[in-house]
Amino acid sequence: MLRSQSRKLGYEMLIGECLTFFRQKTRALLVLVLLHSFMIICSNHPFATPQTDESLVHSSLAKMRFEGNLSFNNMEFAARDFGNRYHLMPSAVLHPKSVSDILSVVRYVYDLGLNSELTVAARGHGHSLEGQAQVHQGVVISMESLRVPEMSFHTGKHPYVDVSAGVLWIDILHESLKQGLTPRSWTDYLHLTVGGTLSNAGISGQAFRHGPQINNVYQLQVVTGRGEVATCSEEQNADLFHAVLGGLGQFGIITQARIALEPAPKMVKWIRALYSDFSTFARDQEHLISTKKSLDYVEGFIIINRTGLLNNWRSSFNPKDPVQADQFTSDGKLLFCLEVAKYYNPRDSDNINQDVDTLLSELNYIRSTLFLSEVSYVDFLDRVHVSEVKLREKGLWEVPHPWLNLLVPRSRIHEFAREVFGSIVKDTSNGPVLIYPVNKARWKSGTSLVTPDEDVFYLIAFLSSAIASSTGKDGLEHILSQNKKILSFSQRPYLGIKQYLPHYSTEEEWEAHFGAHWEVFCRRKLSYDPLAILAPGQRIFRRGMVSALQRPEGRDIA
C-alpha cells in the first residue's frame, strides 16, 4: 500500500512538473516523451501492463450485453501465439459478432479513464511472434469471430471487395476467384487475418510490383482508442487512415477493409535457380524488379551448409537440363537461390513461355540448376500451408519461432551479407532465410510503417523453428544468441537497417526505430488512443501515460 501511494505521489509530482514545463514552453510532444520515459523506468514488468483489479473486470464487463460473447474461461489460446515464447493471460476474451461489440468494450475502458489500468488487444489468427497481440489481465478481442459484413464484391474499372477484418486472406482468395478476381498483393502465408497484416504491412514477392498489402486498400473502418467508430481513406480522415496502416494496432482496431482487386490468372510458372556469388545474385534480383516487362513474383533464399538440395526440389520441380542437374553438388557451399514466378492463363501459354525465356536469358545463374514447375494460381499462393500440414503431422508446427525480419538498404546489402552470411549464420537447417529487394517507389508514403531511406531495400527474414528441449544448434537459446549477434551488427546507426515486425522493450529503442517519424507517431497516439488502451503487447506506450497531456479544465493540449 505504501509503495502504491508513493508511486502515485511520484506520478502526480511528475505530472505537475510536466504541466508547468508545458505552460512555459508549449511543447506537448516533449512532455509526452518525458512522461513516457519515466513510466518505462518505473515499470516493474517489461512485458505486461500493471495488474488490473480482476473483480472490476468480472463484475462490470460481465453485466454488459453483446451480440457475441465475453468469456472468462477457456482463454489459454489468447495467451499463445506463433512465436510460442510469451504467454500472458488475459482476464477476459471477447468473441465479437458485430462492430458494436468491439466499440462497447473499448468505449467502456476509455470511459474508466485513470480509474483503471485495463487494456485491450485485438487478436487475429494468432501469428504474432513476441506476444504483440497478448495482454496481461486485460481484454483480448478475438477478431476471427467478426464476420460482418459478409464479403461484398464490386466490379468495374477499379474492382474491390469489402470484408470484415477478421476474415482470412485464404478465404478472400477463394471467394474472389469465383468472381474472376484476386487481390494484388499477398503475404507468403495466407492463413492470416486482414486486420492483422494491414496493421503491419503484408510483404511478399509481389511487393516490388504492387507494394505491400497496405498499399492496396482503399478504405478502412476503425474503432479508435477513444471508443469511436470512424471510416477513413485517402480522402476521408486521411491521417487516421495512414496512422492505422502499419500502425501496429496503436491507434485503432481495424474492423472492415476495402481491398483492391485485379483480374485473376489461372496458372503460374514457378522457377528456381542457384547462384554461388552474392553480387551476381543481388544484381539479377535488382534487374528483375526494375524491368517493366517482368515477372509477377521475385524472392530468394540463402542455402548454407546444405546437401542434396536439388534432389529435394524434384518432388515439385523439373530440372531444365536433367543431366547437368545430376552432376551438380551443393555440399558445404554457400548458395543463393532465386525464386520467381510468372502468372498466366492457358490461352497465353506460348507468349508467356517466350517472355520467361527472354527474362531468364538475361540472368547469370548456374545453368545446371534451373528448375521449373507449373502449378495453379491457388496452389502457388497457398504453398506454405502444404508445409504447415506436414509439420503439424510431425508435431513441429507449434514450437518456438524466434523469427527475425530486417529491411536492409541496398547500399549496405553487401556489407550485411559478408558479416552475417560470412561469419554469424553458420547453417540454415533451422528454417529458411529469405532475401529479396523491393522498390520503395511502389510503397505508400505517410503510413506508420518505417522503412530504410533508400529507393531499393531488401527484406531479409530469418524464419527459424526451435526445439525447446534442445541445447544444440536447433535449440531456442542458440537461435536467440545468433539473432542477438545479427541485431548487434544491424543496429549500427550508419547502416540504416530497420526491423520489420519490430520488437523492442524500451522507449529509446522505439524512438531510434521510428527516427524522424517518432514525433508523428506520438502525436497520432495522443489523437487516437490518448490513454494508451490499445495493443499493450507491442510495449511502446504505457496505460494512462497520455493523461498528463490534458489541461485542468479537461481540454486536450494537442
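The values are calculated or read from the model by the stated rules, or taken from the named source; none is laboratory data. Small disclaimer: the values here were computed from a predicted structure and weren't measured. Using ideal geometry, Cβ is built from the backbone for each residue, glycine included, and neighbour counts are taken over all protein chains shown. Just so you know, the surface numbers come from the protein's heavy atoms only, side chains and all, with ligands and any DNA or RNA stripped out. Shrake-Rupley method; radii C 1.70, N 1.55, O 1.52, S 1.80 Å.
The table below gives the values:
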| quantity | calculated |
| --- | --- |
| Per residue accessible area of the range 358-405, 1.4 Å probe, in Å² | 49 |
| 13 Å beta-carbon shell around Leu177, net charge (K/R +1, D/E -1) | -3 |
| log10 of Debye I(q)/I(0), alpha-carbon scatterers only, for the chain at 0.07, 0.11 Å⁻¹ | -0.43, -1.04 |
| Cross-link reach list, lysines versus Lys444, counting only Cα pairs under 18 Å and skipping chain neighbours closer than eight places | Lys498 |
| Cβ-based charge dipole, the range 402-446, positive-most Cα from Ala417, Thr428, Ala441 | Ala441 |
| Acute angle (nearest 10 degrees) that the helix 349-361 long axis makes with the longest principal axis of the chain, alpha-carbon atoms | 90 |
| Amide H within-cut-off set for Tyr436, under 5 Å, with H built and near neighbours excluded | Leu459 |
| Full-extension gain in nm, Gln324 to Trp397, via 0.36 nm per residue minus C-alpha separation | 22.7 nm |
| Accessible area per residue in Å² at 1.4 Å probe, computed on the range 434-479 | 42 |
| Accessible carbon and sulfur surface of the range 56-190 relative to its total accessible area, %, 1.4 Å | 48 |
| Calculated FRET value between Glu415 and Ser276, using beta carbons and R₀ = 25 Å, to 0.05 | 0.80 |
| Crossing angle, helix 476-490 versus the chain [Cα axis fit, 0-90 degrees, rounded to tens] | 90 |
| On Cα atoms only, tilt of 2-25 relative to the major axis of the chain in degrees | 80 |
| Heavy-atom accessible surface of the range 416-466: percent carbon and sulfur, 1.4 Å | 45 |
| Share of carbon and sulfur in the accessible heavy-atom surface of the range 282-388 [1.4 Å probe, %] | 45 |
| Å² per residue, accessible surface of the range 268-320 at 1.4 Å | 41 |
| Debye log10 I(q)/I(0) at q = 0.11, 0.12, 0.22 Å⁻¹ for the range 308-446, Cα point scatterers | -0.61, -0.73, -1.52 |
